[in-house]
């Protein structure tokens, strides 16, 4: 969505990145690697955004670092627009992922929800893993690290539920968003009662 408004993929990626990481600072090559953009393109857009007032820069040990100018008068408006676009993008991508054959459970957690879980996306079912690749890459766009995702068969997932597996427990006990759930109705309630958490779907 923002690409259409800003008419620049590089500018959109940089705006998203600095809104999500508003408390941090980055140098050019670091941004180039994180955003998968050419150095010349990065430098040009950083200069434009600094001139605009959205970014500030400072030099240290021979490196020029850029960071978000949170005192910029339009910062909150831009941040809100960026976050709304991210939510819409994730909803669109999640909707496409939910149509993949064999998928029984899809949960967003970890970095995507500010959770301490050991994974960011849990995928349960007999699925073609390669079909998830492009969607997972789109969700990971702008994150400083690779997205962590876990594939489990239904049999393994149910076994982990039965033995109160710590990995699965931490997913449900921390912040998470259930995108697809075709398993809970088939799992005895007593299996979940041991966890002492509420298994839910976000209200629409």
- Item | Global form of segment 84-124, assessed from the alpha-carbon gyration tensor, a/c cut-off 1.5 | oblate
- Task: Using only the Cα atoms of segment 26-139, build the gyration tensor, take square roots of its eigenvalues as a ≥ b ≥ c, and label the shape rounded, prolate or oblate: rounded if a/c is under 1.5, else prolate if a/b is larger than b/c, else oblate.
- Result: prolate
- Note on the structure: Its Cα gyration tensor gives segment 98-193 an equivalent ellipsoid whose semi-axes in whole Å, largest first, are 22, 17, 10
- Task: Can you tell me the relative contact order of segment 2-75? Whole percent, Cα pairs under 8 Å, sequence separation 6 or more.
- Result: 31 percent
- Sorted from largest down, give the three principal axis spans of the alpha carbons of segment 2-75, whole angstrom values. 38, 29, 20
- Antiparallel as a % of all DSSP beta bridges within segment 98-193, to the nearest 5? 70 percent
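Bear in mind these aren't lab numbers, they're just calculated from the coordinates by the rules spelled out. Predicted model only: the values in this text are computed from it and were never measured.
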